Amino acid sequence: MPRPTAVQIQSENFDPAEEYARLEADTPEIGAICTFVGLARSFGDRPDVTGLFLEHYPGMTESSIEALIDQARQRWSLNAVRVIHRVGRIDLGERIVFVGASSAHRGDAFAACEFLMDYLKTQAPFWKKERTTEGEHWVEQKASDRERAKRWDSQGES
Amino acid sequence: MIHVLFFASLRERVNRDQWEVAAEPGDTVTSVRDRIADQLPAFAEVLHQGRVLAAVNENLARDHTPVSDRDTVAFFPPVTGG
């Protein structure tokens, strides 16, 4: 049974339909595929945001996401896993990140996608800068993101 | 020498994206961080003001993580990807 992993860090946009098609093609006998897309849309109380700039640590971004996927594979039964994260300039409304996983069990596919997103937001070396009509400022890590990641720590590993 | 990298807002505050610092026996992230703070006042300031994370050779590190000559140590703010 194939268990391919794909991690791509790129400035170009991606097509979620294409990524889903790859997951489906990679694991022809697997019944559950879960995908997630994060977009540069809601900015809370800042109406003048025009987009983002994503800085990253080349080399460490790929290896840290690969390590997260290894952890997910230890905890859940997964087949194909794809993570794509854009870097550089991203305009309001554009896609930032794609996470997808296939599994024989839908619970595993759902959990793995959520785990990968929660950990990516607290462990992978990316830093967001918001661009506004009045200048730029760095986004701060949210306590709620740290709390979400912690949930997975206490659930125990098999 | 230890090769040091700075990212994001930390990079802007110290006004450089890299630095080199001499290695000493028994070095850890803490001792390297303190040595850089002595050399770069802007770095010392940032350390006082908030969380600064570290990676050694591209692996997230803790205060006690050992650091050797020719390692790469990166310092950065809490991450905000995803």
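Restricting attention to the range A:36-49 and to residues that are surrounded by 14 or more Cβ atoms within 10 Å (Cβ to Cβ) and under 16 Å from A:Asn13 (Cβ atoms), the residue that is modelled with the lowest pLDDT turns out to be A:Ala40.
Among the residues of this structure, A:Gly93 does not count as one that is more than 12 Å from the chain's Cα centre (by Cα), within 22 Å of B:Leu5 (Cβ to Cβ) and not aromatic (Phe, Trp, Tyr). Within the range A:1-16, the only residue that satisfies the criterion of being under 20 Å from A:Phe110 (Cβ atoms) and exposed (fewer than 11 other Cβ atoms within 10 Å of the Cβ) is A:Met1.
In the set (1) assigned to a loop (DSSP other than H, G, I, E, B); (2) free of Cβ contacts under 8 Å to residues at least 40 places away in the same chain, A:Phe14 fails one condition alone, (2). In the range A:50-75, the residues that are in contact (Cβ under 8 Å) with a residue 60 or more places away in the chain and farther than 9 Å from A:Pro125 by Cα never reach a residue that is assigned to a helix (DSSP H, G or I) and among the hydroxyl-bearing types (Ser, Thr, Tyr) with C-beta atoms less than 6 angstrom apart, at least six apart or across chains. For the range A:38-82, filtered to residues that are touching a helix residue (DSSP H, G or I) at 6+ places or on another chain (Cβ under 6 Å) and under 15 Å from A:Ala111 (Cα atoms), the residue that is nearest to the other protein chains (Cβ to nearest Cβ) is A:Leu68. Residues that are away from every other protein chain (no Cβ under 14 Å), touching a Pro at 6+ places or on another chain (Cβ under 7 Å) and small (Gly, Ala, Ser): does the range A:99-117 have at least one? Among the residues of the range A:99-117, not one is away from every other protein chain (no Cβ under 14 Å), touching a Pro at 6+ places or on another chain (Cβ under 7 Å) and small (Gly, Ala, Ser), which makes the answer no.
The rows are residues; the columns are (1) surrounded by fewer than 21 Cβ atoms within 10 Å (Cβ to Cβ); (2) touching a strand residue (DSSP E or B) at 6+ places or on another chain (Cβ under 7 Å); (3) touching a residue at least 60 places away in the same chain (Cβ under 8 Å).
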position: B:Leu5; (1), (2), (3): yes, yes, yes
position: B:Glu24; (1), (2), (3): yes, no, no
position: B:Ala37; (1), (2), (3): yes, no, no
position: B:Ala42; (1), (2), (3): yes, no, no
position: B:His48; (1), (2), (3): yes, no, no
position: B:Pro77; (1), (2), (3): no, yes, yes
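Put simply, of A:Thr122, A:Thr132, A:Thr61 the only residue that is among the polar types (S, T, N, Q) and within 20 Å of A:Phe14 (Cβ to Cβ) is A:Thr61.
The values are calculated or read from the model by the stated rules, or taken from the named source; none is laboratory data. Computed from a predicted structure; not experimentally measured. All Cβ positions, glycine included, derive from the backbone under ideal geometry; neighbour counts span all protein chains shown.
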